[in-house]
Amino acid sequence: MPGTVLVLGTVSLITDVSSEMLTAVLPLYLVTELGLSPLGFGLLDGVYNGVSALVRLVGGHLADRGRRYKAAAAVGYGLSALCKPALLVVHSVPLIGLVLAADRTGKGLRTAPRDAMISLASPPDAQGRCFGVHRAMDTTGALLGPIAAFFVLGVASGGYDAVFTLSFCVAVTGVLVLLLFVPRRIPEPGSAPTQESPAPSLAPASAAPASAVSLRAAFGLLRGPELRRLMLCALLLGLATVSDAFLYLLLQRRLSLPPQWFPLLPLVTAGAFLLLAVPLGQAADRFGRWRVFLSGHLGLLAAYGLVLAPTRGAAVPLAVAVAVLVLHGAFYAATDGVLMAAAAGSTPPELRSSGLALVQTGQAGARFVCSVLFGVAWTAWGDRAALTVAAVALAACVATTAVLRPLRTAEAGE
């Protein structure tokens, strides 16, 4: 396992503790404390998940053009860290929306450069495994964040303000680890830097000159049928992927959970993600990345079906809720890193960050649209009807993308 992957995994672990502390309490804070309607929350949730799509291409392009992947990632991590204390002083919906937009801008700037560093440092036949290890470390942070938020809400007199403050402190720690321990030049797979030979650059010797790296060249990658089909399929499936926050709110209502226990719902998702990320990444390398990616969405469809299944009582049985969250975590383990591993095989090294950003942008933009539409449907028809529509749409998208699958799905590792 390349050391670069482990260090970046540590940075993501720390940062995700901070981010998931915020994510775990934000839906309840906005709906119960500020009294947002489902439509208003859907708009803010769309901002939270979709704004990063607008800047991922910028971050990917700047990282490729200057060959400064670490610098681009550091700007993104730093911007997100600065947004945490801002939530202490803003309480209106428009200002909270601006802070969340800035936070997601930071995520958009850092995601593609970080994934490009992982991809360029990983052997071609182990991309799924390396991304799986990184996502497992990232998810460890996602597991610890809600636990921290749960205990802070339980013992701190400041409540939500205490969560935001601690989240900021943890985020700063992640930025420091990135700056201190991620090298500017990272050895490629199979190379070993010595005292006589400096460590190779992230960009391979055969990479195109900086003048050949442009947004036009990045969009030109879509002329290749493999990446174009991959992005189209990711976009279609994203249009029917209900955001985590809405799924947790649905379960909280059906379980009638007290607000203090709400941050624990993401724990089962994160635990399943943590346990399955590496095995499913290895399975993707062996049996086909697209097959594993599509199977993850079938698991998500099953989770929707369990939420909608009729029950004897008014609430969802605890075992059913746990099954929903396990399937939710399996969905992320089968799709998050696996999609990046599949896209990395269809992009040249000199445009790796831009190519990954293209796919991420399409997926994030589709999920933004889904969040807004789901909020509208919930407001107009109710939560169950909205989820029913989403489940039908997801089934249709899975069937469509099974036909439009990327061309090389029959090959192992693709």
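The values are calculated or read from the model by the stated rules, or taken from the named source; none is laboratory data. No experiment lies behind these values; they were computed from the predicted model shown. Note that each Cβ is placed from the backbone with ideal geometry, even for glycine, and that neighbours are counted across all protein chains shown.
Cys83 meets all of the listed conditions (1) in contact (Cβ under 8 Å) with a residue 24 or more places away in the chain; (2) within 30 Å of Gly271 (Cβ to Cβ); (3) crowded, with 22+ Cβ neighbours inside 10 Å; (4) hydrophobic (A, V, I, L, M, F, W, C) but one, namely (1). For beta carbons closer than 7 Å, sequence separation of 6+ or different chains, a first residue in the stretch 249-273 that is closer than 20 Å to Val133 by Cα and a second that is of a type in the set (Val, Ile, Thr), the qualifying pairs are Leu267/Ile147; Val268/Val322; Val268/Val326; Ala270/Thr139; Ala272/Val326; Phe273/Thr139.
Name the residues in the stretch 359-404 that are outside any helix (DSSP H, G or I) and within 28 Å of Gly337 (Cβ to Cβ), would you?
If the condition is that a residue be outside any helix (DSSP H, G or I) and within 28 Å of Gly337 (Cβ to Cβ), then Leu404 is the only one that fits.
Results for (1) buried (at least 23 other Cβ atoms within 10 Å of the Cβ); (2) modelled with pLDDT of 75 or more; (3) assigned to a helix (DSSP H, G or I), shown as yes or no for each residue.
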position	(1), (2), (3)
Leu22	yes, yes, yes
Phe41	yes, no, yes
Leu54	no, no, yes
Ala63	yes, yes, yes
Ala72	yes, yes, yes
Tyr77	yes, yes, yes
Ile96	no, yes, yes
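There is at least one residue in the stretch 361-381 that is under 15 Å from the mean Cα position of the chain (by Cα) and more than 19 Å from Leu394 (Cα to Cα).
Considering the stretch 221-242, the residues that are in a helix (DSSP H, G or I) and of a type outside the set (A, V, I, L, M) include one that is nearest to the chain's Cα centre (by Cα), namely Gly238.
Of the residues making up the stretch 138-165, those that are in a helix (DSSP H, G or I) and either surrounded by fewer than 21 Cβ atoms within 10 Å (Cβ to Cβ) or in contact with a strand residue (DSSP E or B) (Cβ under 7 Å, 6 or more places away or on another chain) (or both) are Leu144, Ile147, Ala148, Phe150, Phe151, Gly154, Val155, Tyr160, Asp161, Ala162, Thr165. Do you know which residues across the stretch 352-384 are closer than 17 Å to Ala217 by Cα and of a type in the set (A, V, I, L, M, F, W, C)? Hits for the stretch 352-384 are Leu356, Ala357, Leu358, Val359.
When you scan the stretch 145-179, how many residues do you find that are of a type in the set (Phe, Trp, Tyr) and modelled with pLDDT of 90 or more?
Result for the stretch 145-179: 1.
Would you confirm whether any residue within the stretch 131-145 is among the β-branched types (Val, Ile, Thr), out of contact with any Gly (no Cβ under 6 Å at 6 or more places or on another chain) and more than 22 Å from Ala277 (Cβ to Cβ)? The answer is no, given that none of the residues of the stretch 131-145 is among the β-branched types (Val, Ile, Thr), out of contact with any Gly (no Cβ under 6 Å at 6 or more places or on another chain) and more than 22 Å from Ala277 (Cβ to Cβ).
Just to verify a result, which residue in the stretch 379-396, among those that are in contact (Cβ under 8 Å) with a residue 12 or more places away in the chain and more than 21 Å from Leu236 (Cα to Cα), is surrounded by the most Cβ atoms within 10 Å (Cβ to Cβ)? Of everything passing the filter in the stretch 379-396, Asp383 is surrounded by the most Cβ atoms within 10 Å (Cβ to Cβ).
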